[in-house]
Amino acid sequence: MRGRGLVCRDPVYGFAKYIVPLLIQMEVSLTMADRHGELSGRVAIVTGGAAGIGAAACDALAERGAAVTVADVAEEINEVADRIKSSGGAAQAVTTDVSDQGQVEGMVQRTVDEFGRLDFLLNVAAVSGPIVNVWLADPQAWGQAASVDLFGTFMPTRAALPHMLKQGSGRVLTLTSGLGYIPTPRPAPTARRRPE
Ligand SMILES: NC(=O)c1ccc[n+]([C@@H]2O[C@H](COP(=O)([O-])OP(=O)(O)OC[C@H]3O[C@@H](n4cnc5c(N)ncnc54)[C@H](O)[C@@H]3O)[C@@H](O)[C@H]2O)c1
């Protein structure tokens, strides 16, 4: 999965570049002004922003004028943030393990301190975990994946919502997997975080 880095030009990366703006428009219910590229003054956090869909989401948001916090455990966050800044956008890279409550709360606070508000949270960080038959799955490995895919979605959302509630606006978008809708004896933790 980590092969889908920001320098990768494989079909999945192309898919992400196409689908993320569409997801943002459809699921986040942007205003008409936003659809025409006016996200200036808006602030976004993208977890899993170092690679793949998350990195493409950072680019898509920044292209529309939003300031972006690129949050991930991978050091490629710096490349994503530098690319945005060199294009004239606003971004900061914040090393964050989404399963760590203290790191997540610190990252959200740094976002508000740096950019003044918080409008969008995109939960993209994930690990695929052990995709094997349930009776063969290693409990410890499954638990570690769940701590990223489940708690790693809950914690950023929990930390972001007070700021959004205080503002009176905000959007949270969580990526999941189509596997969440397909019965299988090999359930992966990422498929369990079905957005409601
Ligand atoms: N790529 C696809 O075709 C596809 C299809 C359906 C669903 N999805 C879902 O989209 C999401 C992202 O997919 P992707 O292909 O971009 O994955 P990816 O592996 O390319 O990127 C995931 C990112 O999450 C980061 N990450 C992992 N553990 C972390 C942690 N503890 N804290 C912070 N960051 C962490 C990784 O470093 C990586 O940058 C996943 O939830 C995946 O299930 C992807």
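The values are calculated or read from the model by the stated rules, or taken from the named source; none is laboratory data. All of these numbers come straight from a predicted model, not from anything done at the bench. Please note: Cβ atoms are built from the backbone with ideal geometry, for glycine as well, and neighbour counts cover all protein chains shown.
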Evaluate segment 90-108: report whether one residue or more is in a helix (DSSP H, G or I), more than 15 Å from the ligand (Cβ to nearest atom) and of a type outside the set (D, E, K, R). no
Selection count, segment 61-89, where residues are closer than 16 Å to Val124 by Cα and away from the ligand (no atom under 13 Å from the Cβ): 2
Given the criterion more than 11 Å from the ligand (Cβ to nearest atom) and either surrounded by 17 or more Cβ atoms within 10 Å (Cβ to Cβ) or in a loop (DSSP other than H, G, I, E, B) (or both), identify the matching residue among Trp142, Trp135. Trp142
Could you look through segment 163-182, keep only residues that are within 14 Å of the ligand (Cβ to nearest atom) and not in a helix (DSSP H, G or I), and pick out the one that is surrounded by the most Cβ atoms within 10 Å (Cβ to Cβ)? Leu175
Please go through segment 159-187 and give me each residue that is aliphatic (A, V, I, L, M) and under 20 Å from Gln101 (Cβ atoms), ordered by number. Ala159, Ala160, Leu161, Met164, Leu165, Val172
Spans of helices (runs of 4 or more DSSP H) in segment 1-82 with at least 2 residues at pLDDT 60 or above and surrounded by 24 or more Cβ atoms within 10 Å (Cβ to Cβ): 52-63
Please go through segment 110-132 and pick out each residue that is away from the ligand (no atom under 13 Å from the Cβ), in contact (Cβ under 8 Å) with a residue 12 or more places away in the chain and over 17 Å from Ala57 (Cβ atoms). Arg110, Val112, Glu114, Gly116, Arg117, Pro130, Val132
